[in-house]
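Enquirer: Dumping the structure here so I can ask a few things about it.
The values are calculated or read from the model by the stated rules, or taken from the named source; none is laboratory data. For clarity, every value in this text was computed on a predicted model and none was experimentally measured. Ideal geometry is used to build each Cβ from the backbone, glycine not excepted, and the neighbour counts take in all protein chains shown.
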Amino acid sequence: RAPKANNYLILTHNHQLDFALTQAIIKRADANWLGVIGSDTKAKRFKQRLAHRNFTTEQINQMTCPVGLENVTGKL
């Protein structure tokens with residue numbers, strides 16, 4: 001029900017829910033921006049899982065994960 005060209009930030013405590021939301025938003029094909037909280041490991045895992053589900057590289061690259069400032073390390 002979200003409007004087209006919306007910005008999405010996914011930050012639940014459930015990786016499976018995060019992945020399901022990520023898939024749904026990418027499938028919409030109308031997001032302005034998609035960010036997912038997580039680690040580099042989570043980002044890699046999500047990208048692999050999306051690729052195994054036949055999402056294209058272009059679709060997968062719509063996701064920004066991890067979100068935040070690159071110069072802030074750890075879980076701050």
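Enquirer: Taking the conditions exactly as written (out of contact with any Phe, Trp or Tyr (no Cβ under 9 Å at 6 or more places or on another chain), modelled with pLDDT under 95 and surrounded by fewer than 16 Cβ atoms within 10 Å (Cβ to Cβ)), does Arg1 satisfy them or not?
Expert: Answer is yes for this residue.
Enquirer: Is it the case, given these coordinates, that Phe55 is assigned to a helix (DSSP H, G or I) and touching a residue at least 12 places away in the same chain (Cβ under 8 Å)?
Expert: Taking the combined requirement at face value, the residue does not satisfy it.
Enquirer: Identify, please: which residue in the range 19-43 is of a type in the set (D, E, K, R) and closer than 9 Å to Cys65 by Cβ and is, among those, modelled with the highest pLDDT?
Expert: It comes out as Lys42.
Enquirer: Shifting gears a bit: Quick one: in the range 34-76, of everything that is of a type outside the set (A, V, I, L, M) and touching a strand residue (DSSP E or B) at 6+ places or on another chain (Cβ under 6 Å), which residue is surrounded by the most Cβ atoms within 10 Å (Cβ to Cβ)?
Expert: Looking at the filtered set, the residue picked out is Cys65.
Enquirer: Need pairs with beta-carbon distance below 7 Å; first residue part of a loop (DSSP other than H, G, I, E, B) and within the range 1-22, second of a type in the set (A, V, I, L, M, F, W, C); sequence gap 6+ or separate chains.
Expert: Asn6/Ala31; Leu11/Ile37
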